[in-house]
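Report on the following structure.
The values are calculated or read from the model by the stated rules, or taken from the named source; none is laboratory data. Please read these numbers as outputs of a predicted model, since none were measured by experiment. Note that each Cβ is placed from the backbone with ideal geometry, even for glycine, and that neighbours are counted across all protein chains shown. Areas reflect the complete protein model, heavy atoms only, side chains present, ligands, DNA and RNA absent. Shrake-Rupley method; radii C 1.70, N 1.55, O 1.52, S 1.80 Å.
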Amino acid sequence: MFWYNGELDRGDVLKLPIADPGLLYGATVFTTLRIYQKSLDNPLTNWQGHCLRLRVSLETFAWPQPDWERLREGAETMMATWPVLRIAIFPDGRELITGRALPADLSDRQKNGIRAWLAEAGPTASEGVWSKPVDSHEIPQSPDPPKPPLKRGASLPPLAKGGVWGGSSATTFDHTPMKEQTLDDNKSDRRSTHTYIYRSLPTHKTGNYLACYLALQEAKKRGTQEAILTDDRGNWLETTTGNLWGWCNDRWWTPPVEAGILPGLMRSQLIDWLEQNHRPAIEEPWTPEIVGGFEAIGYSNSVVGIIPIREILSTTGTLTYSASHPGFGQLRNLFQ
């Protein structure tokens with residue numbers, strides 16, 4: 001069953017026009033929430049935060065707002081059956097709400113942690129598609145000259161503490177032509193990075209999650225449950241489904257939004273919780289040097305809360321951490 005464009009459908013097939021931009025380009029914005037105590041108004045459900053996330057992305061892309069009353073009606077209808085809801089908005093304001101169960105092994109993951117794979121970019125990465133350097137001569141030549149890329153214009157709306165959007169101004173996209181580039185330009189960058197490993201528009205949850213999907217599938221092939229994305233300097237960014245947390249010097253650390261990560265809503269709630277309890281999180285880039293000092297690592301999202309990561313597979317070996325580190329108690333107190 002699902003809710004689409006104001007109506008409940010008890011089937012499992014959604015019909016879309018073949019030219020729908022959501023189908024062709026992944027042109028949707030979405031958010032995923034967990035229903036606590038069967039209430040949208042429960043603080044942990046954070047309904048208002050999820051709506052704000054959608055609203056700001058829609059304003060940023062200059063897309064119309066949905067019918068918010070109808071959206072809530074659909075969420076209330078769906079939550080009678082499902083504890084987890086995924087709400088997607090199309091460029092014309094249509095809403096699609098689907099539901100799912102909590103992960104069957106959630107309790108085990110929260111207690112014993114998971115294994116993750118470090119999706120390192122560059123020619124030193126592990127064997128497979130993730131490690132193959134891309135050179136200009138490998139790119140098929142086109143009879144037409146390459147078109148100049150679009151340049152992103154103004155900055156995102158201002159972020160409040162913890163990476164929550166607080167403003168309502170929309171980002172503009174400047175289509176002023178840039179210097180035309182050839183296939184030989186920035187050859188060193190092409191050889192050292194894999195652009196398909198990065199999420200597009202990382203501060204927004206759009207329907208284009210191909211990079212995360214590919215990384216997660218690769219992680220599963222290696223016998224792990226998550227992948228950790230990095231930038232071209234080796235800094236750790238986020239997992240395919242959540243934000244990273246590391247314990248060092250009696251404090252929790254998390255990568256800053258400015259590093260190019262999603263400002264997760266659970267991340268924001270945890271940052272606020274730590275601040276209120278006089279244990280403020282440190283938001284600094286996760287360089288290899290900083291990561292080397294962590295005693296414990298985990299990740300968070302709105303569905304699973306906080307999950308310890310007990311092992312991380314990397315090109316240099318396996319990193320091992322404690323899934324029962326007492327520091328996790330600070331984060332879990334939010335849910336008490």
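Data for the structure
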read-out	value
Accessible-area composition of segment 256-322, carbon plus sulfur, in percent [1.4 Å probe]	50 percent
Heavy atoms of L214 accessible to a 1.4 Å probe, total area in Å² rounded to 10	70 Å²
Accessible area in square angstrom per residue, segment 257-308, 1.4 angstrom probe	36 Å²
Sum of side-chain charges, D20 neighbourhood, beta-carbon under 11 Å (Lys, Arg +1; Asp, Glu -1)	+1
Computed lengthening from K220 to Q48, 0.36 nm per intervening residue step minus Cα-Cα distance	58.5 nm
Computed magnitude of the charge dipole of segment 1-53 (debye, nearest 20; Cβ of K, R +1, Cβ of D, E -1)	180 debye
E73 versus Q336: modelled label distance in nm, points set 7 Å from Cα along the beta carbon direction	4.2 nm
Computed lengthening from K111 to H278, 0.36 nm per intervening residue step minus Cα-Cα distance	57.6 nm
Order of exposure, largest accessible area first, which applies to K220, K15, K111, K205 with probe 1.4 Å	K15, K111, K220, K205
Accessible surface of M1 - all protein chains present, 1.4 Å probe, nearest 10 Å²	60 Å²
Whole-Å distance, taken between Cα centres, linking segment 223-243 and segment 18-39	22 Å
Contact order relative to length of segment 1-134, as percent, for alpha carbon pairs under 8 angstrom and 6 or more apart	25 percent
Estimated distance in nm for a label pair at A104 and S324, the labels positioned 7 Å out from Cα along Cα-to-Cβ	2.6 nm
Spin-label model distance (nm) - E295 vs R251, 7 Å beyond Cα toward Cβ	1.5 nm
Segment 3-60 - percent of accessible surface contributed by carbon and sulfur, probe 1.4 Å	53 percent
